[in-house]
Structures are given as C-alpha cells and as structure tokens.
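The values are calculated or read from the model by the stated rules, or taken from the named source; none is laboratory data. Keep in mind the model is a prediction, meaning the values are calculated, not measured. No Cβ is skipped: glycine too gets one built from the backbone with ideal geometry, and neighbour counts run over all protein chains shown. These accessible areas exclude ligands, DNA and RNA; they are computed on the full protein's heavy atoms, side chains included. Shrake-Rupley method; radii C 1.70, N 1.55, O 1.52, S 1.80 Å.
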Amino acid sequence: QKEIVMASILIVDDQASLRELLAQELTDEGYRVDGVADTEAAKVYVENSKPDMVLLDLYLSGFEGWKLLNDIKRKDPLVPVFIVTAYDTYIDDPRVSRADGYFVKSFGHFDELKHKIANVLGQKHIE
C-alpha cells in the first residue's frame with residue numbers, strides 16, 4: 001500500500017501574523033507547511049527541503065521578493081511559486097510571468113488561494 005504524502009508548502013512572508021494564519025489554514029487542508037521571514041532563510045529552505053510549492057510575498061526588506069522568485073526558478077524551474085501580496089498593482093508587471101499564480105492577500109479570504117493551490121498541487125503527483 002502506497003503511503004500518501006501531503007504536499008509541502010513554504011510561506012515566505014515577513015509578517016509573522018499572516019504567515020501563521022495562512023499556515024494554519026493550509027495545515028487544516030492537510031498540507032505540510034513551513035514559514036520563513038526573509039530571502040536568505042527561504043533560499044536555504046528551498047535548497048535543502050525542496051518544497052512542493054512556495055507562497056511568496058514580494059515585499060521583503062524592500063522588493064527582494066522579485067529576486068527570490070528568480071533565484072527559486074533558476075534553481076528549480078518546476079517548483080510552483082505563487083506571489084501572495086497585499087498589492088494588486090503588480091498584476092500586469094512582466095516579472096509576474098515567472099510566477100505560477102498571483103494572489104492579493106485579504107484576511108479571512110483564503111478560499112480562492114486554497115482552490116488555486118489544490119489545482120496546482122493536485123496535478124503534481126507526490127511519491
């Protein structure tokens with residue numbers, strides 16, 4: 001019998017309260033979730049733990065999220081990265097095309113995000 005391993009998701013956001021809230025929502029859905037607050041920790045985590053998906057805030061000590069998106073995609077082009085930001089102003093930014101999804105944060109409205117995550121990770125078979 002094959003053991004079902006739930007997908008792992010890394011949340012990169014410098015707001016601890018939002019990280020914890022989102023982590024709880026996704027843990028309730030059965031995902032394994034970790035959170036980090038900065039780009040260096042995110043790079044180390046992605047390198048060592050190879051998450052199945054990354055949820056990335058753009059605003060990390062300035063706009064380091066863009067650079068981190070490029071770093072992650074350069075190392076592992078197949079890992080889905082969703083930009084999760086408080087701003088809808090970047091939806092037309094050409095750099096968004098490197099990401100696999102774009103979601104504007106709103107407390108308590110994670111259903112759409114959870115649906116998008118399920119769609120992406122549901123297509124990815126995890127051994």
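In the chain, the longest principal axis of the Cα atoms and the axis of helix 64-75 are about 40 degrees apart. Rounded to the nearest 10 degrees, the angle from helix 111-122 to the longest Cα principal axis of the chain is 60 degrees. Calculated [222 nm] ellipticity per residue, helices only, for the chain: -11500 deg cm²/dmol; basis is -39500 (n - 2.57) per DSSP H run with n ≥ 4, divided by all residues, nearest 500. Taking all Cα pairs closer than 8 Å and separated by 6 or more residues, the relative contact order of the chain comes to 23 percent. Each residue of the stretch 20-34 is assigned a 3J(HN,Hα), and the resulting list reads 5, 4, 5, 4, 5, 4, 6, 5, 4, 7, x, 7, 8, 10, 10 Hz, derived from the Karplus form 6.51 cos²θ - 1.76 cosθ + 1.60 (θ = phi - 60°), x at Gly and Pro.
Think of each Lys and Arg Cβ as +1 and each Asp and Glu Cβ as -1; about the Cα centre, that makes the dipole of the chain roughly 420 debye. Taken over the stretch 1-85, lysine pairs spaced eight or more positions apart, or on distinct chains, with alpha carbons under 13 Å apart number 6.
A cut-off of 5 Å between modelled amide H atoms, ignoring neighbours fewer than 5 places along the same chain, links GLY35 with ILE11.
Backbone geometry of the stretch 94-100 corresponds, through the Karplus equation with coefficients 6.51, -1.76 and 1.60 at θ = phi - 60°, to 3J(HN,Hα) couplings of x, 5, 4, 4, 6, 7, 9 Hz, x marking Gly and Pro.
Under the 0.36 nm per residue contour assumption, what length would be gained going from the current alpha-carbon distance of ASP34 and ARG95 to full extension?
Result: 19.4 nm gained on full extension.
Amide H contacts for LEU60 (H built 1.01 Å from N in the peptide plane; partners 5 or more residues away or on another chain; cut-off under 5 Å): GLY65. Ordered by 1.4 Å accessible area with all protein chains kept, VAL81, VAL104 run largest first as VAL104, VAL81. Once backbone amide H atoms are built at 1.01 Å from N, ASP100 has VAL81, PHE82, ILE83 as its partners under 5 Å, excluding neighbours fewer than 5 places away on the same chain. Mean separation of Cα pairs under 8 Å and 6 or more residues apart, divided by the residue count, gives the stretch 1-56 a relative contact order of 49 percent. Taking packing as the residue-averaged number of other Cβ atoms within 10 angstrom, the listed peptides 66-79, 13-26 run from highest to lowest as 13-26, 66-79. A full extension of the chain between VAL44 and MET6 corresponds to an added length of 11.5 nm, given 0.36 nm per residue minus the alpha carbon distance.
Note on LYS105: aspartates and glutamates with a C-alpha under 15 Å away, same-chain residues under 8 apart excluded, are ASP13, ASP14, GLU20, GLU25, ASP57, ASP88.
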